[in-house]
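Just so it is clear, none of the values below were taken in a lab; they were calculated from the coordinates. Note that the structure is a prediction, hence the values are computed from the model and not measured. Positions of Cβ are backbone-derived with ideal geometry, glycine not excepted, and every protein chain shown enters the neighbour counts.
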Amino acid sequence: MAGVLNFTSTPPISTPIWRHHKTKTISSKRVSVIRSSTEVSDTASTSSASAKSGPSAITAPPNFKSPEPKRFGVRPDKVADVITACLNLLFRFGTGVFVSGYSVSLVPKNEYPPGQYGLEAAGYAMLAGFIVKESSKLGPRPEKPIEIYEFEGCPFCRKVREIVAVLDLDVLFYPCPRNGPTFRPKVGQMGGKQMFPYMVDPNTGVAMYESDDIIKYLVQKYGDGNVPLSLSLGLLTTLTAGLAMIGRAGKGSIYTKAKMPPQPLEVWAYEASPFSKLVREVLVELELPHILHSCARGSPKRQELFATVGHFQAPYLEDPNTGVKMFESAEIMEYLRATYAL
């Protein structure tokens with residue numbers, strides 16, 4: 001799947017992205033770092049060597065078999081989790097459900113191109129026989145994935161994840177749960193303090209703290225320059241972002257001892273999806289670096305995944321360390337814990 005989206009240049013996690021840099025203050029409210037050429041520090045080399053020590057131990061669970069995807073299915077033991085993960089839709093007014101410039105059109109089913117992703121409208125009597133075609137208007141695409149250091153239980157981090165979904169960006173996430181031994185300390189070394197979220201754009205050499213500054217940067221560089229209303233309300237935005245996580249309090253925030261994968265996992269997901277959120281919580285708790293292929297409504301990546309595997313459903317996981325490819329959030333969570341937790 002990485003080949004489809006041209007991520008073959010993404011470096012393996014066994015040699016994490018550590019760059020020597022100098023801090024440049026843009027303003028009293030903004031902390032930015034302009035990175036120079038990639039220079040690996042002694043600390044990075046030590047950490048990298050440590051990360052390389054255990055790749056051979058990473059294998060799929062014995063007799064593992066990927067489950068068949070079940071559209072809109074919720075496993076009985078996960079009903080409460082899905083309900084609490086849905087609170088974000090209420091408190092955040094659906095921010096991150098739709099890609100920027102989202103629009104729909106109805107196409108007669110007999111005229112819809114075969115192999116093209118679309119929503120079956122047969123469930124509505126007046127729309128029977130039509131396919132709902134979704135589209136969006138995207139800004140410039142980054143050549144390399146944006147890198148973001150963050151964790152699930154942080155409202156400031158959530159705001160940045162929402163703009164990632166709106167702009168339909170692919171992001172290499174470095175999870176920084178509390179007590180995480182790898183990426184949380186790295187942020188302090190790179191930027192001078194352990195504050196989250198922390199963004200690095202390898203396409204421009206820019207790095208920065210402060211969620212609002214990151215949002216403004218991303219919409220100016222990869223959007224139309226306008227911050228969505230729901231992300232521009234200052235304290236109200238932060239408060240509602242915090243309330244959106246109240247049902248999942250503490251989840252995705254504290255480190256669980258785990259193996260470090262030699263390569264980042266790949267996940268097709270988006271912030272507003274409750275099923276995606278549950279999987280992201282486990283990825284963060286296990287401190288598993290992952291490329292998130294954002295695929296909110298209107299994302300062209302829905303078509304890319306559909307064309308590749310013959311089905312679209314979020315979340316979808318590809319683990320290049322074991323060769324596992326799978327749908328179904330409950331089973332993905334179990335797979336991650338069985339494969340990586342110590």
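Points to keep in mind about this one:
- Calculated FRET value between residue 143 and residue 307, using beta carbons and R₀ = 22 Å, to 0.05: 0.50
- For residue 78, net neighbour charge (Lys/Arg +1, Asp/Glu -1) across residues whose Cβ lies under 11 Å away: -4
- Centre-to-centre separation between the Cα atoms of segment 167-210 and those of segment 56-110: 26 Å.
- Residues in segment 158-176 reached by a label modelled at residue 203 [backbone nitrogen below 19 Å; 7 Å Cα→Cβ]: 160-174
- Partner aspartates and glutamates whose Cα lies under 20 Å from the Cα of residue 259, excluding those fewer than 8 positions away in the same chain, are identified as 150, 152, 281, 285, 287, 318, 319, 331, 334.
- Local net charge near residue 324, Cβ-Cβ under 14 Å (Lys/Arg +1, Asp/Glu -1): -3
- Residue list for segment 150-180, given a label point 7 angstrom along the Cα-to-Cβ vector of residue 239 and an amide N cut-off under 16 Å: 155-156
- With θ taken as phi - 60° and the Karplus curve 6.51 cos²θ - 1.76 cosθ + 1.60 applied, the whole-hertz 3J(HN,Hα) list for segment 197-213 is x, 10, 10, 10, 10, x, 6, 10, x, 8, 9, 7, 8, 6, 4, 5, 5 Hz, x standing for glycine and proline.
- Once both labels are positioned 7 Å from their Cα atoms along Cα-to-Cβ, the gap between residue 338 and residue 64 label points is 0.8 nm.
- For residue 146, the residues whose modelled amide H falls within less than 5 Å of its own, excluding neighbours fewer than 5 places apart on the same chain, are 170, 172.
- In this structure, the residue pairs whose Cα-Cα separation is over 23 Å, taken from 159/216; 70/277; 144/257; 70/301; 70/137, are 144/257; 70/137.
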